[in-house]
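Beneath this line is the structure, given in structure tokens, with notes to follow.
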Amino acid sequence: MNLTHHDRTQLLRALLAAGILLLTAGVSKIASPAFLSADGAARLLGIAMGALVVMYANQAPKILAPLASRCSAAHTQALRRFTGWALVLGGLGYMAAWLLAPVDQAATLALALLGTAFALVLLRLLHAIVH
Amino acid sequence: MNTVFKALSDPTRRSVLQLLQAGPLGAGEIAAQFAVSKPTMSAHFAVLAEAGLIVADKQGRAITYHLNMSVLEEALLGFAGVFGLQLQRATPPLRSPHLKGKS
């Protein structure tokens, strides 16, 4: 099987993502409750999930499929860049919420931040399609 | 990642990327903005393309360059501009978009 450089990069990124999740779950399982509280394990998993969002969102401007002939090349590029930045910042917000917010509010805050980023991307996408 | 740092270390190449942030441009349109020879400009395009920061769309003899930067690479471009990641002198742009309207 001949893999292109792009295929290898994608494969490595997917393996890294799986590794991060498995490692986080393993550490949480092994370390709790002796070295890591349930809250600590939840925070750790939240931070890992946020890191994955950031990792994939970082590549979004490069890998998102073009919007066919709906938009001009300039609009498509602007949409890709906006998507990447919004989701990276949303992912960083998700990580920050799990890192810094009180644990009983962390999930809500993290989802609100990431959800806002997704909503902004959807609105921008709809705007691009309509206009 | 080395190729990305190499590409971003040159002020002319950073200016090309900043021009492309507004949208895809033809090779001639970009080259017209800088006081450098065509072979030099082609070499800059080649370095940027090798680093995966731009992609060339060839239609007949016309080449259009599109930006192809990840968020991290764009952030690095911003940092390089602000903190002066610079290994050589900048090629003065003839008609920089930042200088429009100024004498």
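The table for this structure:
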read-out	value
The range A:40-61 residues that are without any contact (Cβ under 8 Å) to a residue 60 or more places away in the chain and away from chain B (no Cβ under 14 Å), paired with ones that are buried (at least 19 other Cβ atoms within 10 Å of the Cβ) and among the aliphatic types (A, V, I, L, M) (beta carbon under 7 Å, 6 or more apart)	A:I47/A:M95
Subset of the range A:9-28 (residues that are in contact with a Leu (Cβ under 8 Å, 6 or more places away or on another chain) and closer than 13 Å to A:Y56 by Cβ)	A:A17, A:I20, A:L21
Entirely in the range B:1-79, the helices (runs of 4 or more DSSP H) that have 2 or more residues that are among the hydroxyl-bearing types (S, T, Y) and in contact with a Phe, Trp or Tyr (Cβ under 8 Å, 6 or more places away or on another chain)	B:11-20
Checking B:A90 against (1) at pLDDT 90 or above; (2) not in a helix (DSSP H, G or I), the condition it does not meet	(1)
Output for the range B:52-65, where each listed residue is in contact (Cβ under 8 Å) with a residue 24 or more places away in the chain, within 12 Å of chain A (Cβ to nearest Cβ) and surrounded by 14 or more Cβ atoms within 10 Å (Cβ to Cβ)	B:G52, B:L53, B:I54, B:T64, B:Y65
Lone unmet requirement of (1) hydroxyl-bearing (S, T, Y); (2) loosely packed, with under 12 Cβ neighbours inside 10 Å; (3) modelled with pLDDT of 90 or more for B:S103	(3)
Boolean, B:M41 is within 14 Å of chain A (Cβ to nearest Cβ), at pLDDT 85 or above and surrounded by 13 or more Cβ atoms within 10 Å (Cβ to Cβ)	no
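The values are calculated or read from the model by the stated rules, or taken from the named source; none is laboratory data. Quick caveat: nothing in here was measured; it's all calculated off a predicted structure. As a convention, Cβ positions derive from the backbone with ideal geometry for all residues, glycine included, and neighbour counts pool all protein chains shown.
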